[in-house]
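Novice: Let me begin by handing over the structure; questions about it come next.
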Amino acid sequence: MAEQYESIIRLENLSKIYDGKKVLDHVGLDIKRGEFVTLLGPSGCGKTTTLRLIAGFIRADEGRILLEGKDIAGVPPHQRPFNTVFQRYALFPHLDVYDNIAFGLKLKKIPEAEIDKRVRRVLKMVAMTDYEDRDVESLSGGQQQRVAIARALVGEPKVLLLDEPLAALDRKMREDMQLEIKEMHQKLGITFIYVTHDQEEALTLSDTVVVMRDGKIQQIGSPRDIYNEPVNSFVADFIGDSNILNGTMIRDKRVAFIGHEFDCVDIGFGENVPVDVVIRPEDIYIKKDTTGEQFTGTVTSCIFKGIHYNMLVQTDEGYELEIQDYNAFEPGTVVGMHIHAGDIQVMKKDRVCNNFEGELLSPTSVRFLDAEWEIPETQIPVGTKISVQVAFNKVNLQDNPVDGTVEGEIYFMLYKGDRYHITVRTKNDEYIYVDTNDIWDKGDQLGVKIAPRNIKITPIKDYKDDD
Amino acid sequence: MKKFLAQAYIWLLLIILYAPILIIAIFSFTEAKVLGNWTGFSVKLYTNLFSGGVSSSLGKAIINTLSIGVLAAAISTALGSLAAIGIFNMRGRARKAITLLNDVPMLNPDIITGVSLFILFVALGITQGYATVVLAHVSFCTPYVVLSVMPKLRQMNPNTYEAALDLGATPGQALRKVILPQIRPGVVSGFILAFTLSIDDFAVTLFTKGNYGLDNLSTYIYADARKGGLTPELRPLMTIIFLVVLALLLIINIRSMRNSKTKRIRI
């Protein structure tokens, strides 16, 4: 009967607000029966909140969650046919392995013999036979995680929710467990919703990856799609290694970056439009012979990574590129490089300069970003609402936060081959985008200054204020 | 030498602490009316103590003390444990405010608690007696229970409650089967703390016991002393109470030691 629904869980317009901050912003997602879906993103992106909403531990402020077409807003967590594997296992310390796993079955008043059969079956599945009588606190992290998975599976849920289940394990153990979880998913055929901040884990395990940031979904796709065709520079940077560069779309199938023009396969951007270009390090072909290559440069570093070498190359035009190759090219080697049209991923730029809304306070000062800024004298009447433009490379960052007109912190940074593109988050949660050659770290506190001549203002026509 | 001094110091402290109790214990085995006179070994005071039975005023005071203690401890343990769980799940400012409010009654002098409860009962027109004493004891015991349960909640993995819900437990079942077992040591020590606070309370009881001859041990001894000298039977009573408390303490300590050492074995 239930099998008629292709989609098992459907999230519609989900929003969640904590302390006035929107941690989940109109998220919509369709999860198919039997699918392995991973919610991927940095901490604070809303992935765990989404999982907890599905489990029913918290309630959405907006939107609906549909299970097989029915809204489950009124269904408490203990009646939802989902089970969760928690990040820190959350085993019951006062019960032994057997009683932990049997906990849910005993509540459902299932006959003793049946409980026994099912507990032993899941213990076998997670390779923990003979551990029934062990105190859970005497087990290693990996063993505790197996018990937690067994406990979640024994109730035969329709959907298994996993909240960073491997985050607390060491690397080797994590890789083994990844394989086991993938096998379990194939064997059981139920839907898995998996939350992680580890992109490698997401690509390894999933049928579908959902990349999230700041409570919004950035991209939904197969691991291949997400890796090969990231929709924006955030996804490109978050998933795998990449060279993200400023470029210009000359016309369809022709793009310029790092001082050269290349053929590509993208169309529909228009002519002479600024774009972001993503090239994976393994997609740049490198040779000692420079004749006939698209561009040339000099190797500056070369590190052995096990299977391949990771090299940094300074091009003759001054751009730094990361390149991976099976052959080593010693630092100092002059090399020629080329990129295939199909390996160039062109993305629309989110913005080409900073845009703020503000108000003219006096002929020589404006208010925006909750601060007062000096500007060259203007003829625009005081009190006018204005739009402010500031170029990325005209923003000054000060080490000492109090030296700036507004204070903020480094929120996100991207290396663009010849400069850093930095997102600064101000105290009031607004963003300023900055191009700089200085090296900062995520989380650095700083002050923002802008020279008066670099603040471009234009009045906003606001008809309400006219008379 | 250094070691000897350290040893001597600790023994000196122990002697100062336990000498009064020891003296009472020794002189409980003689018949002399005045404490300090030794008129030969006798267990007469012990037989006297019990021959009076529960009908004597001393017997009644003992029964009152114990029953009020058990009742007040049970009620404040239930209230305090639930309150602790509630406070633990509060956020930020509300949690700080309630924690502060919980701390005030503990620092408040007993005499003020007693007088203010007296005024409250009078103002509400409640006849004072056994029930008001129990209520008064509950009111000053509960904050201590909250305080003894709180650390256990903090040690708990907060996801275990959600895990229980997730596995099909109703919130009530999750509380009984998952939270309570984990905070039980805090609840038990809260109960014992409340019980001991209740049985040795004097000031609050004095102000809330009313005028109908209700006495607990403290108020009985106080009244007895004012009538002229302490009844000699109090000496064996003190000795027995001391031994019972000592036994209780030993049991609790041994139990907690065993709990942390042995792993439970499944039958």
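Novice: What are the residues in the range A:118-144 that are within 22 Å of B:THR160 (Cβ to Cβ), of a type in the set (A, V, I, L, M) and in a helix (DSSP H, G or I), if any?
Specialist: Answer for the range A:118-144, where residues must be within 22 Å of B:THR160 (Cβ to Cβ), of a type in the set (A, V, I, L, M) and in a helix (DSSP H, G or I): A:VAL119, A:VAL122, A:LEU123, A:VAL136.
Novice: Just to be sure I understand the filter: pairs with C-beta atoms under 7 Å, separated by 6 or more residues or on different chains, first member in the range A:100-119 and within 16 Å of B:ALA174 (Cβ to Cβ), second member assigned to a helix (DSSP H, G or I) and open to solvent by 10 Å² or more (accessible area, probe 1.4 Å). Which pairs pass?
Specialist: What qualifies is A:LEU105/A:ARG118; A:LEU107/B:GLN173.
Novice: Do you know which residues across the range A:382-395 are crowded, with 17+ Cβ neighbours inside 10 Å and within 15 Å of A:LEU369 (Cα to Cα)?
Specialist: Listed by number, the residues that qualify are A:ILE386, A:VAL388, A:VAL390, A:VAL395.
Let's see how each residue does on (1) in contact (Cβ under 8 Å) with a residue 24 or more places away in the chain; (2) over 23 Å from B:SER81 (Cβ atoms):
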| site | (1), (2) |
| --- | --- |
| B:GLY168 | no, yes |
| B:ALA174 | no, no |
| B:PHE207 | yes, yes |
| B:PRO232 | yes, yes |
| B:LEU246 | no, yes |
| B:LEU249 | no, no |
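Novice: Additional query: Conditions: (1) exposed (fewer than 14 other Cβ atoms within 10 Å of the Cβ); (2) over 34 Å from the mean Cα position of the chain (by Cα); (3) not small (Gly, Ala, Ser). A:ARG351 meets all but one. Number of the miss?
Specialist: So A:ARG351 meets the others, but not (2).
Novice: Cβ-Cβ under 7 Å, sequence separation 6+ or interchain: first residue in the range A:421-449 and among the aromatic types (Phe, Trp, Tyr), partner assigned to a loop (DSSP other than H, G, I, E, B). Which pairs?
Specialist: A:TYR433/A:ARG351
Novice: Looking only at the range A:96-116, filter to residues that are over 20 Å from A:PRO81 (Cβ atoms) and charged (D, E, K, R); which one of those is least open to solvent (accessible area, probe 1.4 Å)?
Specialist: Ranking the candidates gives A:ASP96 first.
Novice: Output the number of residues of the range A:55-86 satisfying the condition of being part of a strand (DSSP E or B) and within 14 Å of chain B (Cβ to nearest Cβ).
Specialist: Residues meeting the conditions: 5.
Novice: Go through the residues of the range A:32-54 one by one and say whether even a single one is facing chain B (nearest Cβ under 9 Å) and within 26 Å of A:GLU201 (Cα to Cα).
Specialist: There is at least one residue in the range A:32-54 that is facing chain B (nearest Cβ under 9 Å) and within 26 Å of A:GLU201 (Cα to Cα).
Novice: Moving on to the next point. Picking from A:ALA102, A:ALA167, A:ALA113, A:ALA127, which residue would you name as being among the small types (Gly, Ala, Ser) and within 12 Å of chain B (Cβ to nearest Cβ)?
Specialist: That would be A:ALA102, the only listed residue that is among the small types (Gly, Ala, Ser) and within 12 Å of chain B (Cβ to nearest Cβ).
Novice: Moving to a separate point now. Filter the range B:141-170 down to the residues that are within 8 Å of chain A (Cβ to nearest Cβ) and not hydrophobic (A, V, I, L, M, F, W, C) and list them by number.
Specialist: Residues satisfying the conditions are B:ASN157, B:ASN159, B:THR160, B:GLU162, B:ASP166, B:GLY168, B:THR170.
Novice: Scan B:LEU71, B:LEU66 and give me the residue that is modelled with pLDDT of 95 or more, surrounded by 14 or more Cβ atoms within 10 Å (Cβ to Cβ) and not small (Gly, Ala, Ser).
Specialist: Testing whether each residue is modelled with pLDDT of 95 or more, surrounded by 14 or more Cβ atoms within 10 Å (Cβ to Cβ) and not small (Gly, Ala, Ser) leaves just B:LEU71.
Novice: Then there is this: Can you confirm whether A:GLY332 is modelled with pLDDT under 90, surrounded by fewer than 16 Cβ atoms within 10 Å (Cβ to Cβ) and out of contact with any Pro (no Cβ under 7 Å at 6 or more places or on another chain)?
Specialist: Taking the combined requirement at face value, the residue does not satisfy it.
Novice: Please verify whether A:GLY142 is open to solvent by less than 60 Å² (accessible area, probe 1.4 Å), more than 8 Å from chain B (Cβ to nearest Cβ) and touching a residue at least 24 places away in the same chain (Cβ under 8 Å), treating the condition exactly as stated.
Specialist: Considered against the rule, which asks whether it is open to solvent by less than 60 Å² (accessible area, probe 1.4 Å), more than 8 Å from chain B (Cβ to nearest Cβ) and touching a residue at least 24 places away in the same chain (Cβ under 8 Å), A:GLY142 comes out as yes.
Novice: It is to be established whether one or more residues within the range B:17-30 are of a type in the set (Gly, Ala, Ser) and loosely packed, with under 12 Cβ neighbours inside 10 Å.
Specialist: Restricting attention to the range B:17-30, the residues satisfying the condition of being of a type in the set (Gly, Ala, Ser) are B:19, B:25, B:28.
Next, from what is left, pick out any that are loosely packed, with under 12 Cβ neighbours inside 10 Å: B:19.
Looking for residues that are of a type in the set (Gly, Ala, Ser) and loosely packed, with under 12 Cβ neighbours inside 10 Å, one finds at least one in the range B:17-30, hence yes.
Novice: Consider the range A:7-43. How many of its residues are closer than 12 Å to A:ILE193 by Cα and outside any strand (DSSP E or B)?
Specialist: 3
Novice: Right, something else. Of all helices (runs of 4 or more DSSP H) completely enclosed by the range A:190-248, which ones contain at least 2 residues that are surrounded by fewer than 19 Cβ atoms within 10 Å (Cβ to Cβ)?
Specialist: A:199-205, A:223-228
Novice: Can you tell me which of (1) in contact with a Leu (Cβ under 9 Å, 6 or more places away or on another chain); (2) surrounded by fewer than 21 Cβ atoms within 10 Å (Cβ to Cβ); (3) touching a residue at least 60 places away in the same chain (Cβ under 8 Å) is the one B:ASN157 doesn't meet?
Specialist: (3)
Novice: A:TYR89 - would you say it is within 12 Å of chain B (Cβ to nearest Cβ), without any contact (Cβ under 8 Å) to a residue 40 or more places away in the chain and either surrounded by 19 or more Cβ atoms within 10 Å (Cβ to Cβ) or not small (Gly, Ala, Ser) (or both)?
Specialist: On the way: within 12 Å of chain B (Cβ to nearest Cβ): yes; without any contact (Cβ under 8 Å) to a residue 40 or more places away in the chain: no; either surrounded by 19 or more Cβ atoms within 10 Å (Cβ to Cβ) or not small (Gly, Ala, Ser) (or both): yes.
Considered against the rule, which asks whether it is within 12 Å of chain B (Cβ to nearest Cβ), without any contact (Cβ under 8 Å) to a residue 40 or more places away in the chain and either surrounded by 19 or more Cβ atoms within 10 Å (Cβ to Cβ) or not small (Gly, Ala, Ser) (or both), A:TYR89 comes out as no.
Novice: Let me ask something additional. Going by what's in this entry, would A:GLU271 be described as farther than 30 Å from A:GLN186 by Cα, open to solvent by 10 Å² or more (accessible area, probe 1.4 Å) and among the acidic types (Asp, Glu)?
Specialist: In short, yes.
Novice: Here is a follow-up. Could you give me the residue pairs with C-beta distances under 9 Å whose first residue belongs to the range B:96-113 and is open to solvent by less than 60 Å² (accessible area, probe 1.4 Å), whose second residue is among the hydroxyl-bearing types (Ser, Thr, Tyr) and part of a helix (DSSP H, G or I) wherever it lies, and which are 6+ apart or on separate chains?
Specialist: B:ASN102/B:THR142; B:PRO105/B:THR113; B:PRO105/B:SER139; B:PRO105/B:THR142; B:MET106/B:TYR144; B:ASN108/B:SER116; B:THR113/B:SER139
Listed here are the residues, each with its yes/no results for (1) under 30 Å from the mean Cα position of the chain (by Cα); (2) crowded, with 19+ Cβ neighbours inside 10 Å; (3) not small (Gly, Ala, Ser).
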residue	(1), (2), (3)
A:GLY358	no, yes, no
A:ARG367	no, no, yes
A:ALA371	no, no, no
A:ASN400	yes, no, yes
A:GLY408	yes, yes, no
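Novice: Here is a further query. Given the criteria within 14 Å of chain B (Cβ to nearest Cβ), of a type in the set (Lys, Arg) and either open to solvent by less than 10 Å² (accessible area, probe 1.4 Å) or in a helix (DSSP H, G or I) (or both), does A:ARG151 qualify?
Specialist: It is true that A:ARG151 is within 14 Å of chain B (Cβ to nearest Cβ), of a type in the set (Lys, Arg) and either open to solvent by less than 10 Å² (accessible area, probe 1.4 Å) or in a helix (DSSP H, G or I) (or both).
Novice: Inspect the range B:181-202 for any residue being surrounded by fewer than 18 Cβ atoms within 10 Å (Cβ to Cβ), free of Cβ contacts under 8 Å to residues at least 40 places away in the same chain and within 14 Å of another protein chain (Cβ to nearest Cβ) and give the result as yes or no.
Specialist: yes
The values are calculated or read from the model by the stated rules, or taken from the named source; none is laboratory data. All figures in this text were calculated on a predicted structure; none of them were measured in a lab. Virtual Cβ from ideal backbone geometry, glycine too; neighbours counted across all protein chains shown. Ligands, DNA and RNA are stripped out before the accessible areas are found, and what is left, the full protein with its side chains, is counted by its heavy atoms. Shrake-Rupley method; radii C 1.70, N 1.55, O 1.52, S 1.80 Å.
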